[in-house]
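What follows is one structure encoded as C-alpha cells, with my remarks underneath.
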Amino acid sequence: MNGTFVIEEEDIVRLVGNNPSGWVNIGVHAVKLDLMDGDLRIEVCARTNEGDPLAVASVTKAASIATGGLDLDVED
C-alpha cells in the first residue's frame, strides 16, 4: 500500500497511511521512503532508473525514539 504526502509546512511533507511508501524526485535522484512497522528504509536511485538502487539506508523505530524522536501523530 502506498502512502499519501500531506503538506505540513512550506518545505515539509508528511507521508501518511498504514505502512506508507512513496517516491520523491529531487533533481536527478529518485528517493523511495518505506515505513514498515515503524522502521524506515530509504532507497536512492537515479531518476528514471528506479529499479537500480545506488544507495540504501535504514533506521529502526527504536533507534529514533532512543535519540528523542517523537511521532506527533500517535498518542501515548
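The values are calculated or read from the model by the stated rules, or taken from the named source; none is laboratory data. Since this is a predicted model, take the numbers as computed values, not measurements. Cβ: placed from backbone, ideal geometry, glycine included. Neighbour counts: every protein chain shown.
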Condition set in contact with a strand residue (DSSP E or B) (Cβ under 7 Å, 6 or more places away or on another chain), hydrophobic (A, V, I, L, M, F, W, C) and part of a strand (DSSP E or B), scope the stretch 21-34, selection surrounded by the fewest Cβ atoms within 10 Å (Cβ to Cβ): answer is VAL24
From SER58, SER64, which residue is at negative phi, among the hydroxyl-bearing types (Ser, Thr, Tyr) and not in a strand (DSSP E or B)? SER64
Consider VAL74 against the criteria (1) among the β-branched types (Val, Ile, Thr); (2) over 19 Å from ASN2 (Cα atoms); (3) in a strand (DSSP E or B): it satisfies all of them except one. Which criterion is unmet? (3)
Could you run through the stretch 36-55 and say how many residues are more than 17 Å from ARG14 (Cα to Cα) and either modelled with pLDDT under 95 or part of a loop (DSSP other than H, G, I, E, B) (or both)? 7
Candidates ASN19, ASN25, ASN2, filtered to the one that is without any contact (Cβ under 8 Å) to a residue 24 or more places away in the chain and on the phi > 0 side of the Ramachandran plot: ASN19
Could you grab me the full set of residues in the stretch 8-20 that are closer than 14 Å to ASP73 by Cα, surrounded by fewer than 12 Cβ atoms within 10 Å (Cβ to Cβ) and not acidic (Asp, Glu)? ASN18
